[in-house]
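Take a look at the structure below.
The values are calculated or read from the model by the stated rules, or taken from the named source; none is laboratory data. Worth saying up front: this structure is predicted, and the values here are computed from it rather than measured. Don't worry about glycine lacking a Cβ; one is built from the backbone with ideal geometry, like all the others, and counts go over all protein chains shown.
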């Protein structure tokens, strides 16, 4: 058969009494002869109601046969049953051994089969026959022990196939169903517990992300509070010190005015020259004042805010990283990208005495326009007094005309001094009048530094909140989906259990 | 919600179903009584050995005596005496807090932690009365000199002297009422006994009227206000007990339920008075303790009273006469707990801020306010496309998260 294309040969025998109830006898190939034939036998086993295992009395139940029987038993058994009832073992060729040995052979066979749990004790599944002798006696219509034993076997097999095997099949099916139901129930329980644990995990995870969002929200507000408090402290301090600081500028400019020189001869030109020297002095001294103001008053607070921001940034990143590790996400990278521009600024903004940034320069830059505007006003005022200067010139000329030439040089020196004083006093007077404007310029500039750090903090915190909020939503949606699919799974399993139980009940009745 | 812890033997029988715990119809919580599942009889010697709040933390209330859970007639007097002792210490701390705005650097000397310590010392009879008021100077003598000097300053304050007079009278009256209870409980004539208890209750009510005196609670700081109200709550608990003594458990139950609402209102009023970080710290620890320990216990007490009123007269009689061992808690444990609350305030300070922490306390007392905050947050989050900050997710959020988010969205400029 192994090399043949024929799968099976059906031989019908209408006169065979044994087959009258639709029983089919299949003579399967022996086992361990050829792999293909063994496969055919195993296939047959799957749809067989009863197996008749024929062995020889001369060499009966060898280890190989015992192994085979054990294998059959495993194939035929349902998981919940320890024994099979549809395995019949027939020991043939009994006529070939001495009748004195029969008893011994039977006892040994029974023991082997029951010890190996192949045929349980008390179950009539082991027969000792001589097919040849039985046939002979049947043909001769002769009663004999061989014939009797053979008939016993046949009637027992017939009884099993016609009545017991049906019950057996139902019983087996029910037991099998029971085991399937148990398996499904285990799967159901595991699905349910997995759903619950996922719920727990999801709740813990949600709680953690929410708590972090809350923390960042709190930090953001605290940062706003700190910026606002520091700014108002700094502005108060600047205002408090302003008059004194401002006077220092004036004093220094006055001192430096003594060193003003000019090569001009004409009073108008001299005045213009002194005016521009005054402008230079004022600008320089004012620059020095703003450096002092920002360095002394603002920078320490900006440094604290910068340090806090840096510290909180580290804290946020650490948290995101821990979430990444747990969820295998890329929050940290996304966060770092979202604030990519900021950390650098943060570095120089917060570094003490950083070379790229200083609050002083920021103030001076913004002041320049304002200062020149103010100074322009001063210059305009100077030009307003030009009528007076013109009158002074006429007076001087008149005097020059009246006086002698020898006195002219001494007078000019004196007049030079007068011009210097005039320019200085007028300039400082205007500078004094511009005090409020300059103070508000300084304030605006200081405020700007605080606004800037506030803006950066908001960006850093806001980005974290956005990222966490979207993570929360994504996770919540994922959890919902997974919960839904698991619930579906559970309901399918529950339905299956119901259907199986119904089948089981039908079988029972 | 609170849970009882029984001896291992009882716990085992409860687990195996031989015994059953009696639970409240209202909320299903255990009422601290054990019945035999088969006979329905109460089990003798089944007193709980511990009691925890819903977070599993051993219950350690600040104003309400823990022994209130093991109520029986014989335990009533010790409970009343404990309430009286508490009032004495609580009002003595007012001599540090004073009238008007609380002085910086002083009120921490009588915060939750310190007050529990003081109460222990008073219980050990280490305190001395001075003009009807417990003299704290002696007990605080090892402390900061500034505090002692401050007590002297408060003592010379005319306004406080006026308060002090009212407080001494009120406490005196209450003590007198408690002393009368001692002789009353043994009275055999029920009518006479009930009449006497009504009279005692009237005296307690007069004392309560003093504590409720508007003069006493105007112009006081948040800590001062809270301490005055705590004294009033203690007296109200005593009044509830008088109803129990008259077998009016149903009335006692209703009285206690109402008291819980009054406590919440009082706390909200106290929160409104907070003006400084120091006051916030003081109130945070105390309100958290009251919220986590006193209020659950009072609610539970009310459920117990309600349940007693539903029992057969025979069972009621048996329950009233039972010899419960009082569940005691040492002030040492309370001190530990107090420091835990301070610790949690410190942690909160790092992540939150004055306004948000103050609002958290309000939200503890008002669930509707929590919902309102969430509505506002979600509205703003929607505008900013912060999809994760939605109703579903915020349902599980802590009060800290809610108030922090609220301030982030709604208060762009710090107050």
So residue A:166 ticks every box in (1) in a loop (DSSP other than H, G, I, E, B); (2) more than 22 Å from residue A:74 (Cβ to Cβ) but one. Which box is left unticked?
(1)
So which of A:236, A:222 ends up being within 8 Å of chain B (Cβ to nearest Cβ), without any contact (Cβ under 8 Å) to a residue 12 or more places away in the chain and either part of a helix (DSSP H, G or I) or crowded, with 18+ Cβ neighbours inside 10 Å (or both)?
A:222
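Let's see how each residue does on (1) exposed (fewer than 14 other Cβ atoms within 10 Å of the Cβ); (2) over 60 Å from the mean Cα position of the chain (by Cα); (3) farther than 15 Å from residue A:56 by Cβ:
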| residue | (1), (2), (3) |
| --- | --- |
| A:96 | yes, yes, no |
| A:105 | no, yes, no |
| A:111 | yes, yes, yes |
| A:121 | yes, yes, yes |
| A:140 | yes, yes, yes |
| A:162 | yes, yes, yes |
Yes/no for residue A:121 being under 27 Å from residue A:71 (Cα atoms), in contact with a helix residue (DSSP H, G or I) (Cβ under 9 Å, 6 or more places away or on another chain) and without any contact (Cβ under 8 Å) to a residue 24 or more places away in the chain
yes
Would the stretch A:188-201 turn up any residue that is closer than 27 Å to residue A:483 by Cβ, free of Cβ contacts under 8 Å to residues at least 12 places away in the same chain, within 14 Å of another protein chain (Cβ to nearest Cβ) and surrounded by fewer than 19 Cβ atoms within 10 Å (Cβ to Cβ)?
yes
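Listed here are the residues, each with its yes/no results for (1) crowded, with 21+ Cβ neighbours inside 10 Å; (2) within 28 Å of residue B:263 (Cα to Cα); (3) free of Cβ contacts under 8 Å to residues at least 24 places away in the same chain.
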{"residue": "B:57", "(1), (2), (3)": "no, yes, no"}
{"residue": "B:83", "(1), (2), (3)": "yes, yes, no"}
{"residue": "B:89", "(1), (2), (3)": "yes, yes, no"}
{"residue": "B:92", "(1), (2), (3)": "yes, yes, no"}
{"residue": "B:104", "(1), (2), (3)": "no, yes, no"}
{"residue": "B:112", "(1), (2), (3)": "yes, yes, no"}
{"residue": "B:118", "(1), (2), (3)": "yes, yes, no"}
{"residue": "B:123", "(1), (2), (3)": "no, yes, no"}
{"residue": "B:138", "(1), (2), (3)": "no, no, yes"}
Give B:196, B:206, B:236, B:279 a once-over and let me know the one that is assigned to a helix (DSSP H, G or I) and surrounded by fewer than 18 Cβ atoms within 10 Å (Cβ to Cβ).
B:206
How many of the residues in the stretch A:203-218 are at the interface with chain B (Cβ under 7 Å from one of its Cβ atoms) and either in contact (Cβ under 8 Å) with a residue 12 or more places away in the chain or touching a helix residue (DSSP H, G or I) at 6+ places or on another chain (Cβ under 7 Å) (or both)?
8
Please enumerate the residues belonging to the stretch B:8-51 that are on the phi > 0 side of the Ramachandran plot and not in a loop (DSSP other than H, G, I, E, B).
B:32
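Being at pLDDT below 95 and more than 8 Å from chain A (Cβ to nearest Cβ): is that true of residue B:323 here?
Yes: the conditions hold for residue B:323.
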Since residue A:454 meets every condition but one in (1) away from chain B (no Cβ under 11 Å); (2) more than 23 Å from the chain's Cα centre (by Cα), which condition does it not meet?
(1)
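Matching residues to (1) under 27 Å from the mean Cα position of the chain (by Cα); (2) free of Cβ contacts under 8 Å to residues at least 40 places away in the same chain; (3) facing chain A (nearest Cβ under 8 Å):
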residue	(1), (2), (3)
B:344	yes, no, no
B:350	no, yes, no
B:356	yes, no, yes
B:360	yes, no, no
B:363	yes, no, no
B:366	yes, no, no
B:378	no, yes, no
B:390	no, yes, yes
So residue A:442 ticks every box in (1) under 21 Å from residue A:323 (Cα atoms); (2) crowded, with 21+ Cβ neighbours inside 10 Å; (3) away from chain B (no Cβ under 13 Å) but one. Which box is left unticked?
(1)
Residues to consider are A:428, A:487, A:416; find the one that is part of a helix (DSSP H, G or I) and in contact with a helix residue (DSSP H, G or I) (Cβ under 6 Å, 6 or more places away or on another chain).
A:428
Residue within the stretch A:316-329 that is more than 30 Å from residue A:463 (Cα to Cα) and either in contact (Cβ under 8 Å) with a residue 24 or more places away in the chain or exposed (fewer than 13 other Cβ atoms within 10 Å of the Cβ) (or both) present:
no
Residues satisfying the stated conditions in the stretch B:149-162, i.e. out of contact with any helix residue (DSSP H, G or I) (no Cβ under 6 Å at 6 or more places or on another chain) and in a helix (DSSP H, G or I):
B:149, B:150, B:152, B:153, B:155, B:158, B:159, B:161, B:162
Tell me whether the stretch A:269-277 contains one or more residues that are in contact (Cβ under 8 Å) with a residue 60 or more places away in the chain, under 30 Å from residue B:353 (Cβ atoms) and either part of a helix (DSSP H, G or I) or within 45 Å of the chain's Cα centre (by Cα) (or both).
no
Could you tell me which of the residues A:85, A:64 is more than 30 Å from residue A:173 (Cα to Cα) and touching a residue at least 24 places away in the same chain (Cβ under 8 Å)?
A:64
Of the residues in the stretch B:52-70, those that are within 21 Å of residue B:319 (Cα to Cα) and not in a loop (DSSP other than H, G, I, E, B) come to B:66, B:67, B:68, B:69, B:70
Does residue B:404 satisfy being surrounded by 20 or more Cβ atoms within 10 Å (Cβ to Cβ), touching a residue at least 40 places away in the same chain (Cβ under 8 Å) and more than 20 Å from residue B:289 (Cα to Cα)?
yes
Mind listing just one residue for me: the one in the stretch A:19-37 that is at pLDDT 75 or above and not in a loop (DSSP other than H, G, I, E, B) and, of those, surrounded by the fewest Cβ atoms within 10 Å (Cβ to Cβ)?
A:35
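Quick one: which residue in A:261, A:163 is away from chain B (no Cβ under 14 Å), out of contact with any helix residue (DSSP H, G or I) (no Cβ under 8 Å at 6 or more places or on another chain), over 30 Å from residue B:406 (Cβ atoms) and at pLDDT 85 or above?
Within the list A:261, A:163, the selection yields A:261.
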Taking residue A:185 as the residue in question, decide whether it is more than 30 Å from residue A:324 (Cβ to Cβ), more than 10 Å from chain B (Cβ to nearest Cβ), assigned to a helix (DSSP H, G or I) and in contact with a helix residue (DSSP H, G or I) (Cβ under 8 Å, 6 or more places away or on another chain).
yes
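Just checking, which of A:142, A:108, A:171 is part of a helix (DSSP H, G or I) and more than 19 Å from residue A:55 (Cβ to Cβ)? Break it down stepwise before answering.
Details: A:142 fails: part of a helix (DSSP H, G or I); A:108 fails: more than 19 Å from residue A:55 (Cβ to Cβ).
The conditions single out A:171.
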Please work out which residue is surrounded by the most Cβ atoms within 10 Å (Cβ to Cβ), limiting yourself to the stretch A:467-487 and to residues that are facing chain B (nearest Cβ under 8 Å) and in contact (Cβ under 8 Å) with a residue 40 or more places away in the chain.
A:468
